[in-house]
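What follows is a single structure, written as structure tokens, with notes after it.
The values are calculated or read from the model by the stated rules, or taken from the named source; none is laboratory data. Quantities reported herein were computed from a predicted structural model and do not represent experimental measurements. Every residue, glycine as well, gets a Cβ built from its backbone with ideal geometry; the counts of neighbours run over all protein chains shown.
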């Protein structure tokens with residue numbers, strides 16, 4: 001169990017990235033949803049001991065994360081949004097190097113570990129290929145392999161599927177789901193579908209604050225009967241935004257399709273639709289924006 005209490009962080013330029021964040025994250029996949037700039041990466045970097053908080057606490061089991069960074073790092077696997085590799089080094093050699101850095105010094109033990117990880121992330125057949133020749137999805141799977149060195153109790157992945165094609169994305173999500181059967185895995189993303197498909201629990205963060213926590217299906221159920229859809233002319237969209245809570249817009253058949261949040265039918269031409277996690281997400285972002293404007 002990862003327990004976060006009253007975590008706050010304000011940067012020197014005055015940006016308050018985290019504002020009294022509290023979360024309980026059990027074993028398994030946990031989705032952290034939020035737009036760019038919401039505070040997700042700051043939270044992930046703080047949990048990963050890469051930066052300090054101004055106040056609050058984080059505990060991973062018996063470990064005080066903020067006070068005992070070496071102990072945390074021994075049981076942590078981290079795949080940041082951007083991570084560098086040596087393009088002229090093979091996957092096998094680079095993973096061997098990472099294993100040495102993690103304290104696996106016995107050559108035979110390290111070889112067995114590297115072989116097992118390359119097979120787990122389906123990179124065994126390309127283990128001799130230089131990392132500079134890897135696709136985006138292959139690089140992400142290599143990133144997970146290095147994050148799993150040392151049998152971590154906590155794995156953090158920050159925006160892992162951004163830029164992946166559908167096949168690579170699904171392969172990567174399946175790998176995360178497999179890992180999440182044994183340890184705490186935090187999936188930080190702005191891609192709602194990733195959380196819908198993978199995570200039994202989630203939180204939505206916006207403007208540095210936790211706006212909603214729970215099970216995705218329960219949060220969706222709370223919107224039943226309150227989401228309405230209509231096709232409109234794009235030019236009319238500002239008028240609808242003034243009068244209604246417009247959750248999302250998308251083009252469909254040359255028209256603009258809008259989802260609106262309302263307790264009753266908002267106007268003629270609207271039809272009730274089954275909500276999904278995207279509606280929950282945009283509803284919370286709208287609420288956060290409204291609260292910030294007050």
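Points to keep in mind about this one:
- Residue in the stretch 282-293 that is part of a loop (DSSP other than H, G, I, E, B), loosely packed, with under 11 Cβ neighbours inside 10 Å and either outside the structural domain of residue 198 (by TED's automatic domain parsing) or at pLDDT below 90 (or both) present: no
- In the stretch 197-229, the residues that are on the phi > 0 side of the Ramachandran plot and without any contact (Cβ under 8 Å) to a residue 40 or more places away in the chain: 214
- Unmet requirement for residue 170, which otherwise passes all of (1) at negative phi; (2) surrounded by fewer than 22 Cβ atoms within 10 Å (Cβ to Cβ); (3) in the same structural domain as residue 37 (by TED's automatic domain parsing); (4) in contact (Cβ under 8 Å) with a residue 24 or more places away in the chain: (4)
- Residue pairs whose Cβ atoms lie under 9 Å apart, sitting 6 or more positions apart in sequence or on different chains, and linking a residue in the stretch 92-115 that is within 18 Å of residue 129 (Cβ to Cβ) to a partner that is exposed (fewer than 11 other Cβ atoms within 10 Å of the Cβ), are 92/128; 93/128.
Yes or no, residue by residue, for (1) outside the structural domain of residue 273 (by TED's automatic domain parsing); (2) surrounded by fewer than 21 Cβ atoms within 10 Å (Cβ to Cβ); (3) over 17 Å from residue 275 (Cα atoms):
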residue	(1), (2), (3)
166	yes, yes, yes
185	yes, no, yes
189	yes, no, yes
195	yes, no, no
215	yes, yes, no
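- Every test in (1) surrounded by 21 or more Cβ atoms within 10 Å (Cβ to Cβ); (2) in the same structural domain as residue 164 (by TED's automatic domain parsing); (3) without any contact (Cβ under 8 Å) to a residue 60 or more places away in the chain is passed by residue 279 save one, and that test is (2).
- So residue 88, is it in a loop (DSSP other than H, G, I, E, B) and either in the same structural domain as residue 143 (by TED's automatic domain parsing) or buried (at least 21 other Cβ atoms within 10 Å of the Cβ) (or both): yes
- Residues of the stretch 69-85 classified as assigned to a helix (DSSP H, G or I) and farther than 10 Å from residue 153 by Cβ, total: 4
- Qualifying residues in the stretch 247-280 (those that are assigned to a helix (DSSP H, G or I) and out of contact with any strand residue (DSSP E or B) (no Cβ under 6 Å at 6 or more places or on another chain)) - the one farthest from residue 196 (Cα to Cα): 280
- Here the strands (runs of 3 or more DSSP E) wholly within the stretch 198-246 that include at least 1 residues being over 14 Å from residue 284 (Cα atoms) are 201-206, 227-232.
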